[in-house]
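Here the structure comes first, spelled out in structure tokens, and everything after it is commentary.
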Amino acid sequence: MPTIFSKIISGEIPADIVYQDDQVTAFRDVDPKAPVHILIVPNKEIPTVNDVTPDDEQTIGHMFVVAKLVAEKEGVAQSGYRLMLNCNRDANQEVFHLHMHLFGGRPLGPMLVRK
Ligand code: AMP
């Protein structure tokens, strides 16, 4: 079964795609937590960070290049932004297709609240 993100990447289901090439697709999160909330996703289905292999190094590095381009395009490069990846249960990962969140457009506060 393709992941929901694979269906977005292939065009099977709609999304607001802001960038796409042969390795990476970036689209707006359907439930944004900040004025700018974009998901940067490898076109290859990698379930979690735990599944990344040395063969994925180029693609993972490319995700950062795309993050930089998207931040510039969205006008948050200078004001600042946060990149975040969730892995498995304690991080509340919901979609098991690796993705980097890009948040920006407002002060984002501390990274985590201590409990
Ligand atoms: P995570 O908790 O890191 O797995 O985040 C998954 C993210 O995917 C959440 O922020 C969701 O709002 C987002 N999401 C789920 N389905 C879609 C969709 N169809 N289009 C855009 N974003 C989605």
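Pairwise alpha-carbon distances in segment 4-104 exceed 16 Å for 54% of all pairs. Counting only lysines at least 8 places from residue 115 when in the same chain, those with an alpha carbon closer than 24 Å to its own are 33. Each of 96, 58, 79 was scored by the projection of its Cα onto the charge dipole of the chain, and the greatest displacement toward the positive side belongs to 79; charges sit on the C-beta of Lys, Arg, Asp and Glu.
At 222 nm, what value in deg cm²/dmol follows for the chain if DSSP H runs of at least 4 each add -39500 (n - 2.57) and the sum is divided by all its residues, to the nearest 500? Present the calculation step by step, with values, prior to reporting the outcome.
Numbers: 2 runs with 24 residues, N = 115.
Only helices count here, giving -6500 deg cm²/dmol.
So if R0 is 30 Å, what FRET efficiency would residue 68 and residue 90 give, r being the distance between their Cβ atoms, rounded to the nearest 0.05? Working from the Cβ atoms, E equals 0.60. Around the amide H of residue 19, modelled in the peptide plane, lie the amide H atoms of 26, all under 5 Å away and 5 or more residues distant in sequence or on another chain.
Rule-based calculations on the coordinates, nothing more; no lab input. Just so you know, these numbers come straight off a predicted model, no measurement behind them. Methodologically, a virtual Cβ is constructed for each residue, glycine included, from the backbone with ideal geometry; neighbour enumeration extends over all protein chains shown.
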